[in-house]
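Have a look at the structure below, then the notes.
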Amino acid sequence: MPDLTTRRIAIIGAGISGIATAHILQKNGFQAVVFEKSAKLGGVWATAYPGIHLQNIYTQYHLSDFPWPFQPDFHPTGEQILRYLQQAVQHFQLDVRRQHQVLGMEEQAHGWLVRYQNENGEQAEPFDFVIAATGQYTDGRNTPHFPGQEQFNGRILNEREVPSLDMFAGKRVAVVGFGKSGLDMAVLAAEQGAQVHHIFRAPAWLIPEKILGVHFTHALFPRFNSIMMTSWAQPTAVERFLHNRMSFVVSGFWDMITAVVLFQLKRHGKGQDQAAKERLNTLIPTHKLLLDLRSSGALGPENYYPLVVAGQIQPHHSEVAGFSADAILLNNGQQIPCDLVVMSLGFLTPTFPFLPEKYRCLMEAETDGVQLYRHLLHPRIPHFAVSGFNHGFLHVPTVEVGTQWLCAHLRQEIELPPPEEMERSIEVVRNWKRENIRFEYARSCAVSTRFQQYIDVLLKEIDVSPYRKMPNIFAEVFDRYEATDYQGIYEEYERRKAKRNEPLRALPLDT
C-alpha cells in the first residue's frame, strides 16, 4: 500500500472544529491546509455578540492535548476563546490561511481542484481530500419578513448586529426567540436598564446551572447518567438492554429530572405576587424535556428567571404578527411599544456553496440539515467529509475522535459498508431524530447530548478504548468526562494498529 499520509487535505473553515481537525490530521502525518475567508480565526466566535459566554465549561472545551495556556472564566468569554484558538494555531504550527475564501471545487480523478480568492486574486490548488468545517451556525440567518416592518420607526436587528450593550440602556426592547442568543439578549438588555419584552412561539426547557446544588455537568453527564440518554444507537449490550427492555427506568429517570427542573423554576416565584408567578408560568413548556436536548438547547442564564420575576423581562408566549410605526404586533392581539427589536431566530439549514451543484443538492435537500454516515461522510460524494457537524455537548473531543476515525478511513485501515447500506443507516438515524427531537434547522447534523454514545461507537470502531478513565472504575462511572480524557487517542490507535493483521470493519450500529 502506498504512503497515503503524504496526501494534501483542504479544510474549509478556521473555527474550533477546523482547527481541531487540522491538528489531528497533522498528528497523523497528513498535510492539512485550512482556508478561512475572514481575517480572524474563530468562526462563529469571531462574529459573536458582546457579552457572550460559552455554555460549556472551560475544562470541556479545548484540544485534548493543549489545555488552556491561561486561566479563562469558568464559562469562557468569546474573547478568551479567540485568544485560545490563536495560541493553539501557533503552538501546533498549523497552516491556516486567512482571507482565503473557497469559491468552488472541481472534481478530479483522485481528489479536487480547490478554487479560492485571496489578496492576489483567484487561485487554484489540487487536494486529495476536502473537509468542510464551516459549522452549523456560520451563515444563513433565519430572518423572516413581517408585515409593516418598513414603517416601524425603531430599529430591527439580530444579535450579531449589536455593536455594544450600551445601546440597550434606557430603551424599550423586544427580543424574539427562545434559543441561547435570545435568552442572552433578553438578560443583557435588562441588565443595561432596558425594559425587555421577550417574545417566543413556544417556551423550551432550560438546563439549570445547578440541579439540586450539583453543577449540571456532574448531574447529567458522567457515564452513570449519560447511559440514560435516549439515542439512535446504544454502544453496549447493557445499554441496549436498559433502553429496550427496561425503558420504564429510563423514562422514570427523565421524569425525575424534569420534576427537579420544574421545581427549581417555580421556586423563583416563592413569596412573590401573583403577577410574578404568572410570568414564570408562561415559561413552562408543555412538551417533554428530552425533546429539547438538541443543538439549540440552552443553559438557563443565571439572571433570566430573577429578571422575569422582577418584571424587568416580560415574557410573551405568542408569535410576531407584524409591526406598526412604534410597536411590534403579536398574534394574540397585543401591541408592544418598543424602540429596538432583536430577532434571535437562529440559523437556516447549513449550505455548501463551494460544492458542485450535483453534490450540493445532496447536502442541502432536507430542511433539518444533512444526515451523514457516522455524521461525517456522504456515501455519494467522493473524497469529501464534514467535520464539526457532529456537534455535541463535548464538542472538541467529538471532533477529534471523528477526525481520527476519518484518518483510519483515509489510510484505508477500516472497511466501510457499500453506499446502499450507509444510506440505510443514515435513514434510520434521521427518522429517529425526527421522532424524538424537536425541529431545528440543523437537527440531522448534530449528535447534541448523545455525544457519549456517538464517541463510544467511533472509538470502538477504530479499536480504541472508549473508557478513558480506566482503570479507575469509580471515576469512569461517576466523574464527568473532560477534554483531557481523550488525550492520547492517536497514540493508542497506532499502538493497537501495529498488532492488527487485518483491516478494521464498521460495526453494525447506526450513528
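The values are calculated or read from the model by the stated rules, or taken from the named source; none is laboratory data. Remember, predicted model here, so these are calculated numbers, not experimental data. Cβ sites come from the backbone with ideal geometry, for glycine too, and all protein chains shown count toward neighbours.
Looking only at segment 379-418, filter to residues that are of a type in the set (Gly, Ala, Ser) and more than 16 Å from the chain's Cα centre (by Cα); which one of those is farthest from LEU459 (Cα to Cα)?
It comes out as ALA385.
For residues that are surrounded by 13 or more Cβ atoms within 10 Å (Cβ to Cβ) and more than 27 Å from SER295 (Cα to Cα), scanning just segment 125-151, find the one that is farthest from the chain's Cα centre (by Cα).
This residue is GLY148.
Residues being hydrophobic (A, V, I, L, M, F, W, C) and farther than 13 Å from LEU377 by Cα: count how many of those fall in segment 412-432.
4
Name, by its number, the condition in (1) within 21 Å of LYS288 (Cα to Cα); (2) surrounded by 22 or more Cβ atoms within 10 Å (Cβ to Cβ); (3) out of contact with any Asp or Glu (no Cβ under 8 Å at 6 or more places or on another chain) that does not hold for ASP456.
All conditions pass for ASP456, except number (1).
Among GLY15, GLY29, which is among the small types (Gly, Ala, Ser) and over 24 Å from ARG411 (Cα atoms)?
The conditions single out GLY15.
Starting from segment 23-52, take each residue that is at pLDDT 90 or above and list its partners that are acidic (Asp, Glu), counting only C-beta distances under 6 angstrom and pairs at least six apart or across chains.
ILE24/GLU400; VAL33/ASP95
This table checks each residue for (1) touching a Gly at 6+ places or on another chain (Cβ under 9 Å); (2) outside the structural domain of THR367 (by TED's automatic domain parsing).
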| position | (1), (2) |
| --- | --- |
| PHE92 | no, no |
| GLN108 | no, no |
| GLU161 | no, yes |
| SER164 | no, yes |
| MET167 | no, yes |
| ARG172 | yes, yes |
| PHE178 | no, yes |
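Looking at TYR49, TYR84, which one is farther than 19 Å from SER181 by Cβ and under 19 Å from the mean Cα position of the chain (by Cα)?
TYR84
Residues are listed down the side, and each one gets a yes or a no for (1) assigned to a helix (DSSP H, G or I); (2) in contact with a His (Cβ under 9 Å, 6 or more places away or on another chain); (3) of a type in the set (Lys, Arg); (4) over 20 Å from ASP479 (Cα atoms):
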{"residue": "GLY182", "(1), (2), (3), (4)": "yes, yes, no, yes"}
{"residue": "ALA189", "(1), (2), (3), (4)": "yes, no, no, yes"}
{"residue": "LEU242", "(1), (2), (3), (4)": "yes, no, no, yes"}
{"residue": "PHE253", "(1), (2), (3), (4)": "yes, no, no, no"}
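Yes or no, residue by residue, for (1) at pLDDT below 95; (2) loosely packed, with under 13 Cβ neighbours inside 10 Å; (3) closer than 24 Å to TYR441 by Cα; (4) basic (Lys, Arg):
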position: TRP254; (1), (2), (3), (4): yes, no, no, no
position: GLN264; (1), (2), (3), (4): yes, no, no, no
position: GLU278; (1), (2), (3), (4): no, yes, no, no
position: ARG294; (1), (2), (3), (4): yes, no, yes, yes
position: GLY300; (1), (2), (3), (4): yes, no, yes, no
position: GLN314; (1), (2), (3), (4): no, no, no, no
position: ALA327; (1), (2), (3), (4): no, no, no, no
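Here is a check on your reading of the model: is TYR467 at pLDDT 95 or above, over 30 Å from ASN431 (Cα atoms) and not polar (S, T, N, Q)?
no
For (1) within 27 Å of LEU220 (Cα to Cα); (2) outside any helix (DSSP H, G or I); (3) among the aliphatic types (A, V, I, L, M); (4) in contact (Cβ under 8 Å) with a residue 40 or more places away in the chain, each residue gets a yes or a no:
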{"site": "GLN452", "(1), (2), (3), (4)": "yes, no, no, yes"}
{"site": "ASP456", "(1), (2), (3), (4)": "yes, no, no, yes"}
{"site": "ARG495", "(1), (2), (3), (4)": "no, no, no, no"}
{"site": "LYS499", "(1), (2), (3), (4)": "no, yes, no, no"}
{"site": "THR511", "(1), (2), (3), (4)": "yes, yes, no, yes"}
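List the number of the failed condition for THR47; all other conditions in (1) surrounded by fewer than 17 Cβ atoms within 10 Å (Cβ to Cβ); (2) touching a strand residue (DSSP E or B) at 6+ places or on another chain (Cβ under 6 Å); (3) of a type in the set (Val, Ile, Thr) hold.
Here THR47 clears every test but (2).
One residue is enough: does segment 280-290 have a residue meeting the conditions of a type in the set (Ser, Thr, Tyr), at pLDDT 95 or above and surrounded by fewer than 18 Cβ atoms within 10 Å (Cβ to Cβ)?
The answer is yes, given that some residue of segment 280-290 is of a type in the set (Ser, Thr, Tyr), at pLDDT 95 or above and surrounded by fewer than 18 Cβ atoms within 10 Å (Cβ to Cβ).
Starting from segment 83-104, take each residue that is touching a residue at least 12 places away in the same chain (Cβ under 8 Å) and farther than 20 Å from THR134 by Cα and list its partners that are among the polar types (S, T, N, Q) and part of a helix (DSSP H, G or I), counting only C-beta distances under 8 angstrom and pairs at least six apart or across chains.
As it stands, the answer is PHE92/GLN26, since those pairs meet every condition given.
Considering only residues of segment 315-358 that are among the charged types (D, E, K, R) and not assigned by TED's automatic domain parsing to the domain that holds GLN101, which is farthest from the chain's Cα centre (by Cα)?
Out of the qualifying residues, it is ASP326.
Which one is nearest to the chain's Cα centre (by Cα) among residues in segment 463-504 that are within 21 Å of THR236 (Cα to Cα), among the β-branched types (Val, Ile, Thr) and surrounded by 14 or more Cβ atoms within 10 Å (Cβ to Cβ)?
ILE489
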